[in-house]
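Data first, discussion second: the structure below is written as structure tokens.
The values are calculated or read from the model by the stated rules, or taken from the named source; none is laboratory data. Because the structure is predicted, anything quoted here is derived from the model rather than measured. Virtual Cβ from ideal backbone geometry, glycine too; neighbours counted across all protein chains shown.
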Number of protein chains: 4
Amino acid sequence: MVAGLKGIRLAVVGGDDREIYLIPELQKLGAYIVGVGLEKAPPIPGLTLVGTLLEAVSQVDVLLFPMFGTDERGLVKAKYGNSPVVLNKEVLQAIPSKVPLCIGWARQALKSAADMLGIRIVETANLPELAILNSIPSAEGAIQMAMEATPITLHGSQSFVIGLGRTGWTLARMLMGIGAHVTGVARKSADLARAAEMGFQPVHLSDLEDQIGRAEIVFNTAPAPVLDRVMLEMMARDAVIIDLASLPGGTDFEYAQMLGIKALLAPGLPGIVAPKTAGKILAQVYPQLILRQLSTVNALV
Amino acid sequence: MVAGLKGIRLAVVGGDDREIYLIPELQKLGAYIVGVGLEKAPPIPGLTLVGTLLEAVSQVDVLLFPMFGTDERGLVKAKYGNSPVVLNKEVLQAIPSKVPLCIGWARQALKSAADMLGIRIVETANLPELAILNSIPSAEGAIQMAMEATPITLHGSQSFVIGLGRTGWTLARMLMGIGAHVTGVARKSADLARAAEMGFQPVHLSDLEDQIGRAEIVFNTAPAPVLDRVMLEMMARDAVIIDLASLPGGTDFEYAQMLGIKALLAPGLPGIVAPKTAGKILAQVYPQLILRQLSTVNALV
Amino acid sequence: MVAGLKGIRLAVVGGDDREIYLIPELQKLGAYIVGVGLEKAPPIPGLTLVGTLLEAVSQVDVLLFPMFGTDERGLVKAKYGNSPVVLNKEVLQAIPSKVPLCIGWARQALKSAADMLGIRIVETANLPELAILNSIPSAEGAIQMAMEATPITLHGSQSFVIGLGRTGWTLARMLMGIGAHVTGVARKSADLARAAEMGFQPVHLSDLEDQIGRAEIVFNTAPAPVLDRVMLEMMARDAVIIDLASLPGGTDFEYAQMLGIKALLAPGLPGIVAPKTAGKILAQVYPQLILRQLSTVNALV
Amino acid sequence: MVAGLKGIRLAVVGGDDREIYLIPELQKLGAYIVGVGLEKAPPIPGLTLVGTLLEAVSQVDVLLFPMFGTDERGLVKAKYGNSPVVLNKEVLQAIPSKVPLCIGWARQALKSAADMLGIRIVETANLPELAILNSIPSAEGAIQMAMEATPITLHGSQSFVIGLGRTGWTLARMLMGIGAHVTGVARKSADLARAAEMGFQPVHLSDLEDQIGRAEIVFNTAPAPVLDRVMLEMMARDAVIIDLASLPGGTDFEYAQMLGIKALLAPGLPGIVAPKTAGKILAQVYPQLILRQLSTVNALV
């Protein structure tokens, strides 16, 4: 089901290396791409660079902002930009109502402003398909970090995966594929049953305290303060924590440091460890999304 | 989290070999068990046999009916019974309102009657935990059937799994573990993304027609008429279909036969191919369920 | 590296369903095939049937006898033959010295006779490539037998594989792929190290006695009397033995029966459980073998 | 089969972090350990440090030199040494004939000298058990390097493993466990058959030229100049080579650089990426080795 993007004009705004791989894929499907904040990127044939965000919004059918979204002042992450790209009130007011604004995570302020101005915000980071595909580079990034941080092999190690969601399943499966003894920690009995089926040792979150003492590597994917002082106290001092939960993670990092437990926060791995794969994932998901958004918008108009 | 059943009285009504393995496990947890329709079963120490269902309902705290439920006339499947065990109006009226009736699948008529009489029906077959654990014997049973029905090895075969639900995931994973080339067929893009992550070739249901021609073995788990005349026409005549969907399955069996395509219906595998495992699965899930039901009932009283 | 067989004349002598799949594959590569003992087989276009073995040997460049070889009186297994096909002295004397005789297993008497008569016997069953590929249908056959013979699932079972040779590795890997807890039993420390790497619990043969008590299913692939009275005594009475070792197997079957332990002998599985795959395996290995034999013979002449 | 080392005196000479983990394990088995070239190591209770190698050789039953052996001038690698530790003629002459000298790789000069002096050299790096167990940290190290060197995920990548020996099998299995499409390249048809059984695409070395164009990551484990100019020319310019073959590797690194192909040499990974696991592997293999050597020596005396 390849979706054609012929005749559709897209603005790619800032981002990182992922966008460098994404743009040619969208062009291959027929899209015309306008780039903002990409001045210092390696040249991409057919890409039209414009100087400001304001210029871009009036020329396109869809706006594509990066996965990281904006900071609290509206600054868009733009690794290859010459000057700051800011999504401010003036820009927002200039966005035509039928132009959807796709962005990884949207801050509350942005959502409110968009709401008032009648702009359609499409948050992409939590699209199930995208989140599952992104779990692949995330899991590999976490594995790489664990390999770097430990003097042991993952093979034969006691590895715990806390939280069996999109990233948790992928990570647990890969760890087992390498040869680790994987313990899957979750709250739902259905998840624990599935963990058992897949060959992980299932542990209910409420029993984690009794089990964590044998962990050599702990991967946390649960967006909750699971690895708190009490839990950290139960852990081996030479265990290593890789925390994949979105900021601020689920670990009491200060306390871990005090105990001498190495704990690393691993945010936004896909764009860092495998930008090419992550860019291709976007290229796989965005076309359908764009077409769906445009047909919805047009149906409303 | 082992749940104690000390002091709790349970009636096990009919069933098959699973119940033979289930009863001792429940006894180990402290339950007192009354059996109905188990006269011809191998003797189980500590089991009290009663002659009729009516006798049983007045003596116990919870009623456990088999996974298959009853037929349209209320007849309970009882492989080891001497005489028919029937869940009729008289029995239903005798069930105290605080005694939950657990049963795999409940027919609509039973649900309506129970509703009117204020009896709490607990359908267990669709409990997520139980359904996932039961997918293990189901998948192995389907694999065994496929091994028996084909002149090829699963290793190296083009095996399609239609429907990526509880049984579909388990089956696809096991097939890959043996060495098959697995194609996972689903409708949701999230399921297709997960299929890709797990190493299956993802195919959208709407593209199945174009792909099914290369299938050597097709496992259907989708409760819908997927393998209809049009689809069967596209299949190789020496392909084999194993249909795991609940009755009547998802295959046009008559048409398959006409085309010379071997198609087998595989209903209720857990109790047939691995009754001991299936009984232990019940023994793993029921205690929590029983305690939860009793505490709910008591809270209401 | 597809080998062409253009202009080469082959006799396929007896055999079972494998040969039915093998012949067309050899024909596709250009070989001219003469069949003996195949009168009742489904008709194969282009196959020339001859009435006697004597007739065949004078017309071809290479003789292909079945994997099972002959019985002690020279009788060739010929599932689809009309009358007995016998490899007797008269036939042997008629085989030109430059015509290699390929056969699965050759009895000592046959080898001696061939030696005296200057006939080149090529035993194929122990060709490493063929033996490894045949381990796939063997392992699946053993898995199927275990599924049929036990009331438990392989998933989650304690499965022992005794002997980590060609079939042992394949079987252990597949069992783990299904979800069994696999114990690999061997004598060499290198094999035990590899077992650990692959995720099996390694047990030295000399420690088997201490471990076998926890086995639920025991697969024997070692051609030695490993499962003797002492070992059987240590086993659980409801364990199941699948013995894959060549006749007479490695189990004291009588004693097992006396103890109530179910023990099954599984000889020659490839041709039985997956003749199509097994035939294709022969078709994959034979062309290179034939060409190598012919060039050796010609070099000698 | 835990081997006791009670009453046995061992010298651990130089080495790296592996030895830090090895020593306590040997002590646990009852060995008395003398250390040379370990002055700056974290203190190990019960370890007796001596100042020179000469001092050590007269006090012990077995000498344990590091996996890396010595350089051409006899210098022993000693990460934690205060002053150079040299295995020179004087030292060799002082080694009693019944004291075996265990060392990873021994240079030819060392072997000749030992031969003349009647010293038993035991090369450990090629012990099958040790080599297989060491393939685990080697493979993980190679995977870590590949993750760091590529902008793609291993999952879904076209990964080639050249050489299916001890490290090749482990690496290929782990890559598949992560989700890579693995191509196994070897010369022996038996290895290619096993590769097919394990789910890798088998490619004969003589066909590599036709296939390597699709490789995204190439792992070389063959100690031969496989990745020469001709082969490199056929590769994609953005492919990455991880060369695990012992020095000087199997890649024309200069030519690769000229073509813009990233190629990395990965020697001696176990001690670098997972010293704790590598030390425990030594601790698993050495006791049996030591006992075997001592009993051989004593039998000879």
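Here are some notes:
- Residue, nearest to the chain's Cα centre (by Cα), within the range A:109-130, restricted to residues that are touching a residue at least 60 places away in the same chain (Cβ under 8 Å) and closer than 13 Å to residue A:95 by Cβ: A:122
- Residues of the range D:9-40 satisfying the condition of being more than 14 Å from every other protein chain (Cβ to nearest Cβ), surrounded by 20 or more Cβ atoms within 10 Å (Cβ to Cβ) and hydrophobic (A, V, I, L, M, F, W, C): D:10, D:11, D:12, D:13, D:23, D:26, D:31, D:33, D:34, D:36, D:38
- Unique residue being assigned by TED's automatic domain parsing to the domain that holds residue D:282 and touching a helix residue (DSSP H, G or I) at 6+ places or on another chain (Cβ under 7 Å) when the list is D:70, D:52: D:70
- Restricted to the range A:93-108, and to residues there that are over 24 Å from the mean Cα position of the chain (by Cα) and surrounded by 15 or more Cβ atoms within 10 Å (Cβ to Cβ), the residue that is farthest from residue A:53 (Cα to Cα) is A:98.
- Here A:76, A:62 are screened, and the one residue that is buried (at least 18 other Cβ atoms within 10 Å of the Cβ), assigned by TED's automatic domain parsing to the domain that holds residue A:293 and over 18 Å from the mean Cα position of the chain (by Cα) is A:62.
- Qualifying residue in the range B:97-120 (condition: over 22 Å from residue B:59 (Cα atoms), within 12 Å of another protein chain (Cβ to nearest Cβ), in contact with a helix residue (DSSP H, G or I) (Cβ under 8 Å, 6 or more places away or on another chain) and aliphatic (A, V, I, L, M)): no
- Of all residues in the range D:266-301, those that are at pLDDT below 95, of a type in the set (D, E, K, R) and more than 20 Å from residue C:202 (Cβ to Cβ) total 0.
- Some residue of the range D:254-262 being under 21 Å from residue D:155 (Cα atoms), of a type in the set (D, E, K, R) and either part of a helix (DSSP H, G or I) or within 14 Å of chain A (Cβ to nearest Cβ) (or both): yes
- The residue that is surrounded by the most Cβ atoms within 10 Å (Cβ to Cβ), counting only those in the range B:198-214 that are in a helix (DSSP H, G or I) and among the polar types (S, T, N, Q), is B:211.
- Taken over the range D:195-208, the residue count meeting the criterion of being facing chain C (nearest Cβ under 9 Å), in contact with a helix residue (DSSP H, G or I) (Cβ under 6 Å, 6 or more places away or on another chain) and farther than 12 Å from residue B:179 by Cα is 0.
- Only one of the numbered conditions (1) in contact with a Leu (Cβ under 7 Å, 6 or more places away or on another chain); (2) under 30 Å from residue B:183 (Cβ atoms); (3) small (Gly, Ala, Ser) is not met by residue B:283, and that is (2).
- Some residue of the range D:148-156 being part of a helix (DSSP H, G or I), in contact with a helix residue (DSSP H, G or I) (Cβ under 7 Å, 6 or more places away or on another chain) and within 12 Å of chain A (Cβ to nearest Cβ): yes
- Of the listed requirements (1) without any contact (Cβ under 8 Å) to a residue 40 or more places away in the chain; (2) under 17 Å from the mean Cα position of the chain (by Cα); (3) in a helix (DSSP H, G or I), residue C:282 misses just one: (1).
- With respect to the conditions (1) within 14 Å of chain B (Cβ to nearest Cβ); (2) more than 24 Å from residue A:283 (Cα to Cα), residue A:124 falls short on a single one, namely (2).
- Looking across B:159, B:138, one residue alone is touching a Lys or Arg at 6+ places or on another chain (Cβ under 9 Å) and in contact (Cβ under 8 Å) with a residue 60 or more places away in the chain. It is B:138.
- Of residues in the range C:215-230 being without any contact (Cβ under 8 Å) to a residue 60 or more places away in the chain and crowded, with 22+ Cβ neighbours inside 10 Å, the one farthest from residue C:145 (Cα to Cα): C:215
- Where a residue in the range B:190-202 is outside the structural domain of residue B:177 (by TED's automatic domain parsing) and its partner, wherever it lies, is crowded, with 22+ Cβ neighbours inside 10 Å and modelled with pLDDT of 95 or more, with Cβ under 9 Å and at least six apart: none
- Only one entry in B:265, B:282 is at negative phi and in contact with a Gly (Cβ under 6 Å, 6 or more places away or on another chain), namely B:265.
- Listed conditions (1) out of contact with any helix residue (DSSP H, G or I) (no Cβ under 7 Å at 6 or more places or on another chain); (2) buried (at least 24 other Cβ atoms within 10 Å of the Cβ); (3) hydroxyl-bearing (Ser, Thr, Tyr) are all met by residue C:83, apart from (2).
- Among residues of the range D:162-182, those that are within 14 Å of chain A (Cβ to nearest Cβ), buried (at least 24 other Cβ atoms within 10 Å of the Cβ) and in a strand (DSSP E or B), counted: 1
- Among (1) buried (at least 19 other Cβ atoms within 10 Å of the Cβ); (2) part of a helix (DSSP H, G or I); (3) more than 14 Å from chain D (Cβ to nearest Cβ) - the single one residue A:185 does not satisfy: (2)
- Exclusive hit being of a type outside the set (Val, Ile, Thr), outside any helix (DSSP H, G or I) and crowded, with 23+ Cβ neighbours inside 10 Å, set D:159, D:135: D:159
- Counting only helices (runs of 4 or more DSSP H) that sit wholly inside the range B:1-106, those with at least 3 residues that are under 27 Å from residue B:295 (Cα atoms) and in contact (Cβ under 8 Å) with a residue 40 or more places away in the chain are B:17-28, B:53-57.
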